[in-house]
1. Restricting the search to region 73-96, which residues are surrounded by fewer than 19 Cβ atoms within 10 Å (Cβ to Cβ) and of a type in the set (A, V, I, L, M)?
2. Identify, please: which residue in region 47-70 is under 14 Å from the mean Cα position of the chain (by Cα) and not in a strand (DSSP E or B) and is, among those, nearest to THR97 (Cα to Cα)?
3. Conditions first: (1) open to solvent by 70 Å² or more (accessible area, probe 1.4 Å); (2) over 11 Å from the mean Cα position of the chain (by Cα); (3) among the hydrophobic types (A, V, I, L, M, F, W, C). ILE101 passes all but one, so which condition is the exception?
4. Check whether at least one residue in region 8-20 is buried (at least 16 other Cβ atoms within 10 Å of the Cβ) and assigned to a strand (DSSP E or B), and report yes or no.
5. Just the residues that are assigned to a loop (DSSP other than H, G, I, E, B) and among the hydroxyl-bearing types (Ser, Thr, Tyr), please, taken from region 84-143.
6. Among the residues of region 118-157, write down those that are modelled with pLDDT of 95 or more, open to solvent by less than 40 Å² (accessible area, probe 1.4 Å) and over 22 Å from ARG14 (Cβ atoms).
7. Inspect all residues belonging to region 110-118 and state whether any of them is closer than 25 Å to SER18 by Cα, of a type outside the set (D, E, K, R) and in contact with a Phe, Trp or Tyr (Cβ under 6 Å, 6 or more places away or on another chain).
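The values are calculated or read from the model by the stated rules, or taken from the named source; none is laboratory data. Everything numeric in this text was worked out from a predicted model, so none of it was measured. We place every Cβ from the backbone using ideal geometry, glycine too, and count neighbours over all the protein chains shown. Accessible surface areas use protein heavy atoms only, side chains included; no ligands, DNA or RNA. Shrake-Rupley method; radii C 1.70, N 1.55, O 1.52, S 1.80 Å.
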Amino acid sequence: MARLLHPNAAHVARVLISRGHHGVVVTQDESTHTAEAAAAALGVDVGAITKSLVFLLDDDPILLLVSGAHRVDIEHTGKRLEGALTRAPADTVREVTGQPIGGVAPVGHPTNLPTYVDAALAQYPELWAAAGHPATVFRTTFSELLRITAGLAIDVD
């Protein structure tokens with residue numbers, strides 16, 4: 001039986017399509033709110049999971065798209081971005097993305113977030129990212145992720 005997409009995921013699918021992506025969003029039976037859970041559900045390497053993390057660069061929110069195999073080195077990444085990097089509070093994440101932590105997609109936000117993409121994701125021919133809800137994901141590639149987010153590739157470790 002077909003399931004309706006969560007409204008957040010349906011919005012993400014529409015944004016993906018508007019940016020030239022196929023817009024196919026997959027709903028998992030179980031939550032994929034962590035990179036490890038998503039990798040297990042999809043049968044892929046955890047490094048191929050794209051985590052969407054909101055940080056504050058100085059006081060401005062930014063989006064870091066990070067390999068599931070990486071942790072962001074706040075000090076080094078902040079220096080690369082020429083500012084002080086701190087994790088955004090949960091209420092800020094919800095406000096600037098319109099999506100819950102664990103389901104934040106790389107696109108579909110009510111605000112235009114500067115986006116930086118972990119260069120380590122380039123080693124995977126296929127990537128998976130959250131689609132606006134903790135049980136939804138979509139498939140993409142590194143070059144497509146850069147294009148649909150207008151992101152810049154950086155090292156985050």
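1. Selection gives ILE74, ALA84, ALA90.
2. Checking each candidate, the answer is GLY68.
3. That leaves (2) as the condition not met.
4. no
5. At the first step, the residues of region 84-143 found to be assigned to a loop (DSSP other than H, G, I, E, B) are 84, 88-89, 98-114, 124-126, 131-135, 141.
Correct list: THR111, TYR124, THR141.
6. Within region 118-157, ASP118, ALA119, ALA120, LEU121, PHE142, ILE154 meet the criteria.
7. no
Residue by residue, here is whether (1) within 20 Å of THR136 (Cβ to Cβ); (2) modelled with pLDDT under 95 holds:
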position	(1), (2)
ALA39	yes, yes
ASP58	no, no
PRO61	no, no
LEU65	yes, no
HIS70	no, yes
